[in-house]
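Just below is one structure, and these are the notes that go with it.
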Amino acid sequence: MNNHFFEQKDCGLQAFWSSTPQFKTARVSAHLVLPLTTPENAALYALVPNMISRATREYPDYTQFGKRLAELYGASVQPGVTRVGDNQILTLAAAGIANPYAFDGEDVQQALSEMLESILFTPLCDENGLFPEDGFLQEQRQLLETLDAEYNDKATYAMQRCVQTMFAGEPAGVPRIGTREAILNATREGVKAAWEYAVKHAQICQFTIGDGADDRFAQQLIKRLGTRDAVSIETKRHTASGDVKRVTEEMPVVQSKLVMGFAIGTTPEERLAAKLMSVVLGGTPSSKLFMIVREKQSLCYYCAARHDTPKNVMFVQSGVETKDLDRTEEAILKELDDMKKGNITDDEILFAKLAMCNSYNAVADSAASMETWYLSGMLQGKLHTPEEYAERIMNITKDEIVSAAERVTLDTVYKLKGAAK
């Protein structure tokens, strides 16, 4: 595997490409990174990737656009919107067959790059210079349906409510696609302005991964972008507010949800120990939360801990019977308190380390997972290989894990309480 990386600061571009015969497909992508500010802006930017990937000046309708993708051996274009730390990520990705497997030496990677360039810089507009109204209304409706789907998935909804409560007043507390009201109030003029601002000012993380991958699309972007004033995408660490924030909602659900948010007062250099600590607590089937709270005490259907690296916080999620909500919260805090006292076995540490190393070793198994890994590094300003992290994980001591646990503070408790139908 031949990995390359460079940064072009005067145009706000970071680029990564990896050429490997392991992948018979090519994936070309561009991630536009912007700070989260308000639900209204989040909704407008969330509409941008889907709007601009519907059609371009070169392929002015869905039929012509789809025909070109079919000609490229059934290639696909995937827009998306995510949140990482305090930032909103607008993603445009194209995937197709790798060049060595195309007929007659056809350059599929370059064709995919040209399609993405067309989508990003010359999307289709009507005679008024706005995105077509029918497409706008459809994408607006689909974004509302995404909100509905997330609301109907109560585990997702409970997690979002805890995040929004914990990060209230911070950029990370802004919903990644805005609120229902913000989506409904979005206009074509607003979405067009959001696209123009993103092209001019977003930080851009670009990836090309596959057999024969190179940096041609990155070079195309450099020419297109020129010198520009890109926004800062720093994520600020969350600190505990002092008083525990508690929110309880009642809904007619069979299984209640408990989500607990914890602030971790470690330095950036100690975050890997904090991540390992969260895995020991609740990241594997051999973790304390799974073995004790779920299996031994039978208090919940599931109970897992997850470390949010950019914000340096930890979330514990569980699904419980309504009558066991308070007991489960107490049991989770008891296991964390035991870790602070050093009650961690060598096997618990070893199994957690092996699980993390296994996940690091699996990063190179797919282009998408490699992209996710290195995108995270770009956003944090520190690019490390999975192998480097695996080596560091194996060298973390029990004392470092205990020290990380000692700096964990309960910040937010969200309960979705089942009510009688």
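The values are calculated or read from the model by the stated rules, or taken from the named source; none is laboratory data. This is a predicted model, so every value here is computed, not measured. Every residue, glycine among them, receives a Cβ derived from its backbone with ideal geometry; neighbour counts consider all protein chains shown. Heads up: the accessible areas ignore ligands, DNA and RNA and are worked out on the full protein's heavy atoms, side chains in. Shrake-Rupley method; radii C 1.70, N 1.55, O 1.52, S 1.80 Å.
Any idea which residue in the stretch 228-267 is nearest to residue 108 (Cα to Cα), counting only those that are among the hydroxyl-bearing types (Ser, Thr, Tyr) and open to solvent by less than 30 Å² (accessible area, probe 1.4 Å)? Spell out how you get there, then give the answer.
Just the residues of the stretch 228-267 that are among the hydroxyl-bearing types (Ser, Thr, Tyr), to begin with: 232, 235, 239, 241, 248, 256, 266-267.
Among the residues that remain, those that are also open to solvent by less than 30 Å² (accessible area, probe 1.4 Å) are: 256, 266.
Values: 256: 49, 266: 46 Å.
My answer is 266.
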Quiz prompt | Matching option when the condition is open to solvent by 70 Å² or more (accessible area, probe 1.4 Å), over 23 Å from residue 265 (Cβ atoms) and in contact (Cβ under 8 Å) with a residue 60 or more places away in the chain, among 391, 387, 406, 321 | solution = 321
Quiz item: Taking into account only those residues within the stretch 369-384 that are open to solvent by less than 50 Å² (accessible area, probe 1.4 Å) and touching a residue at least 60 places away in the same chain (Cβ under 8 Å), which is farthest from residue 204 (Cα to Cα)?
Solution: 370
Practice problem: Report, ordered by the first and then the second residue, all pairs with beta carbons closer than 8 Å, sequence separation of six or more or different chains, a first member in the stretch 9-33 that is touching a residue at least 24 places away in the same chain (Cβ under 8 Å) and in a strand (DSSP E or B), and a second member that is open to solvent by 10 Å² or more (accessible area, probe 1.4 Å) and among the aromatic types (Phe, Trp, Tyr). | Solution: 14/5; 14/6; 15/5; 15/6; 16/5; 16/374
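With respect to residue 333, is the statement that it is open to solvent by 20 Å² or more (accessible area, probe 1.4 Å), farther than 27 Å from residue 390 by Cα and of a type in the set (A, V, I, L, M, F, W, C) true? Working first, answer last.
Values: open to solvent by 20 Å² or more (accessible area, probe 1.4 Å): yes; farther than 27 Å from residue 390 by Cα: yes; of a type in the set (A, V, I, L, M, F, W, C): yes.
Yes.
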Quiz item: Of 50, 41, which residue is farther than 18 Å from residue 215 by Cβ, open to solvent by 10 Å² or more (accessible area, probe 1.4 Å) and out of contact with any helix residue (DSSP H, G or I) (no Cβ under 6 Å at 6 or more places or on another chain)?
Solution: 41
Quiz item: Residue check, residue 96 against (1) surrounded by 20 or more Cβ atoms within 10 Å (Cβ to Cβ); (2) under 27 Å from residue 231 (Cα atoms), all met but one. Which one?
Solution: (2)
Quiz item: Between residues in the stretch 344-357 that are in contact (Cβ under 8 Å) with a residue 40 or more places away in the chain and crowded, with 18+ Cβ neighbours inside 10 Å and residues that are outside any helix (DSSP H, G or I) and hydrophobic (A, V, I, L, M, F, W, C), which pairs lie under 8 Å by C-beta distance while being six or more apart or on different chains?
Solution: 353/396
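Does any residue of the stretch 195-212 turn out to be at negative phi, touching a Pro at 6+ places or on another chain (Cβ under 6 Å), in contact (Cβ under 8 Å) with a residue 60 or more places away in the chain and open to solvent by less than 20 Å² (accessible area, probe 1.4 Å)? Break it down into steps so the answer makes sense when it comes.
Here is the first cut: in the stretch 195-212, the ones at negative phi are 195-209, 211.
Subsequent filtering for residues that are touching a Pro at 6+ places or on another chain (Cβ under 6 Å) retains 211.
When the remaining residues are screened for being in contact (Cβ under 8 Å) with a residue 60 or more places away in the chain, the result is 211.
Checking which are open to solvent by less than 20 Å² (accessible area, probe 1.4 Å) leaves us with none.
Scanning the stretch 195-212 turns up no residue that is at negative phi, touching a Pro at 6+ places or on another chain (Cβ under 6 Å), in contact (Cβ under 8 Å) with a residue 60 or more places away in the chain and open to solvent by less than 20 Å² (accessible area, probe 1.4 Å).
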Quiz item: Within the group 221, 225, which residue is more than 24 Å from the chain's Cα centre (by Cα) and open to solvent by less than 60 Å² (accessible area, probe 1.4 Å)?
Solution: 225
